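Structure first, then comments.
Only the coordinates and a few stated rules stand behind these numbers; no lab work does. Keep in mind the model is a prediction, meaning the values are calculated, not measured. Cβ: placed from backbone, ideal geometry, glycine included. Neighbour counts: every protein chain shown.
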Amino acid sequence: MADAQSLKAMEATVEGIARKAGELALEHFRSLADLPVEKKGHLDLVTKADREVEDFLIAQLREAFPEDGLYGEEGGEVPGTSGRIWVIDPIDGTFNFVRGGQNWAISIGLYENRRPTFGVIFAPARDLMLVGGGSVPTRLNGKPIPPLKPLDMSQAAMSFGIHPTVATKDRLELMRFISDELQISFRICGSATASFIEVALGETDGYVSLGDSTWDVMAALPILANLGVSHTIDWDITELPEKLRFACGSDEFVTRLRPLLQTVSKAA
């Protein structure tokens, strides 16, 4: 990545873009009764807010970083010349958004050299801004976040996300593994980004996904890496359009989840 001064300028620029995008999303969130909702698939929704926020993010990022590419959830894809790509999710947690819940967020991640290297996450309804990645220290609302705590199985908790298209047998195997093999508490918040926020804040020890997309993780993983969070994604063989099956958390958490991933990935 760039020198310290350039990084600081980039950080401030992207954080400002995320905050303005959040204000746009909140305008729609406060007028949910009038918001048109489309179905991309069963339990897979998209709104006018998603499209407007993505259009705004693309326009702002293109102006700020004209040589960089862009890749967005709602079809926004712009080639670049720098080799860097901004991967965006305008509203991660649209289902929560349209139901009036607060667990949704704007995600902006930088992808370069086939790796996520920097991210900004803004959860407007909760006024949470997370920034970090590489030499950019991870911060929540401008304040440093402590490293991930060691896994304590006596009070361990995890969250997980399952895409609607995932086979029932894989869903059941995930639940069986958590209940029988791990024997720990779990939760589902309906947003990968919100789940990553829980890990960052120490509310859970890790997250498991069956079917998230790259735009769901691109901002969060570099933010979490600075806190000691590892994951099972092999970016050398993963392309941006792919669906992901992975675990992230402490090294011990990830090790405990690998047998599950080996089982459910065979049916992917």
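Numerical summary
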{"item": "In nm, spacing of pseudo-spin labels at PHE95 and ARG258 (7 Å Cα→C-beta vector)", "result": "3.1"}
{"item": "Cα gyration tensor of region 4-144 - equivalent ellipsoid semi-axes, whole Å, descending", "result": "26, 18, 12"}
{"item": "Packing-based order for 113-121, 206-214, using average beta carbon neighbours within 10 Å, highest first", "result": "206-214, 113-121"}
{"item": "Cβ-based exposure ranking for ARG139, ARG176, in which fewest neighbours within 10 Å come first", "result": "ARG176, ARG139"}
{"item": "Under 20 Å, Cα to Cα: Lys pairs in the chain, sequence gap 8 or more or different chains", "result": "10"}
{"item": "Acute angle (nearest 10 degrees) that the helix 4-29 long axis makes with the longest principal axis of the chain, alpha-carbon atoms", "result": "80"}
{"item": "Listed residue (GLY101, ALA64, GLY75) projecting farthest to the positive dipole end of region 4-144, Cβ model", "result": "GLY101"}
{"item": "Helix 48-64 axis, angle to the chain major axis (alpha carbon atoms, nearest 10°)", "result": "60"}
{"item": "Rounded FRET efficiency, nearest 0.05, which uses the C-beta distance separating THR238 from LEU182 and R0 of 22 Å", "result": "0.30"}
{"item": "LYS149 versus THR81: modelled label distance in nm, points set 7 Å from Cα along the beta carbon direction", "result": "5.1"}
{"item": "Overall dimensions of the chain by Cα: Rg and Dmax, Å", "result": "17.7, 51"}
{"item": "Backbone HN-Hα couplings from phi across region 127-134 [Karplus 6.51/-1.76/1.60, Hz, Gly and Pro as x]", "result": "6, 10, 10, 10, 9, x, x, x"}
{"item": "Contour excess over end-to-end distance, with Cα ends at ARG114 and ARG62 and 0.36 nm allotted per residue", "result": "16.7 nm"}
